[in-house]
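Here the structure comes first, spelled out in structure tokens, and everything after it is commentary.
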Amino acid sequence: MSWTRRPCAALVAGVLLVTGSAGCGSDDARKDGASPAPVGKILADRDQDGRPYREVGREDAPGVGIEVQPDAAGGWDVHLTLRNFRFSPAGAAARPVAGRGLARLFVDDRPVARLRTPGHRLDTRLVPRGTHRVTARLYADDGTVWAVDGKPVESTADITASEPGPGTSPDTASRRTARTQDSLTGGRGSPDRARGAS
């Protein structure tokens, strides 16, 4: 009779292992927002730092818009508008979670900041006299670049910093201008301005 107990015990142990591990994975995923399935598809394309693109479908893809305005202290105020995206807290696990991560800010393709909030101030030393491109690009927590249709999810604004002429007051509005490009420029995953932030 002992031969019938062993297979039953093995069967019960096998069922417990399968249901126990599935339950643990589900609880972990709910606690930190991680999705149990892989997120997106890694592409061969990479950004200038060698980070691979993570392709996701257009329907629920994250999106970003950027607005840059001169501030009274001589710097530049950057504001991001997000769609289907939330910033992860510092110290988040280095794994991709749908619609989560951080933004990197670039001036003329040079990285200047990692953002975990939609607002940032660019110091004047980062934007010398002339016309510059300020780009916000979205990244997953594992460092991959969110992408749609093979293009990074990003938005760009052109800004021009100039010096006041002789005899003029250093009024920031008259010597500096900013123009945000079409929100779809540089990445098809960028949000429509009319939709606003989510």
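Computed from the coordinates by the stated procedures, all read-outs in this text should not be read as laboratory data. Note that this is a predicted model, so its numbers are computed, not measured. Positions of Cβ are backbone-derived with ideal geometry, glycine not excepted, and every protein chain shown enters the neighbour counts.
Under the rule of at least 5 residues apart or a separate chain, name every residue whose amide H is placed under 5 Å from the amide H of G143.
none
For R86, enumerate residues with amide H under 5 Å from its amide H, sequence gap 5+ or separate chain, H modeled in the peptide plane.
Here R100, G101 satisfy the definition.
Need one number: nm distance between label points at R125 and R58, each 7 Å from Cα along Cα→Cβ, rounded to one decimal.
4.4
Share of antiparallel DSSP beta bridges in the stretch 33-122, in percent to the nearest 5? It would help to have the intermediate numbers written out before the result.
Details: 20 of 22 bridges.
Given both bridge residues lie in the stretch 33-122, the antiparallel proportion sits at roughly 90 percent.
Can you pull the three principal axis extents for the Cα set of the stretch 102-142, in Å, largest first?
Result for the stretch 102-142: principal-axis Cα extents of 35, 17, 11 Å.
Estimate the FRET efficiency between K41 and R116 by the formula 1/(1 + (r/R0)^6), using the beta-carbon distance for r and 25 Å for R0, to the nearest 0.05.
Details: r = 26 Å, r/R0 = 1.02.
Efficiency, rounded to the nearest 0.05: 0.45.
Label-point separation (nm) for A90 and A73, each offset 7 Å from Cα along Cα-to-Cβ?
It is 1.8 nm.
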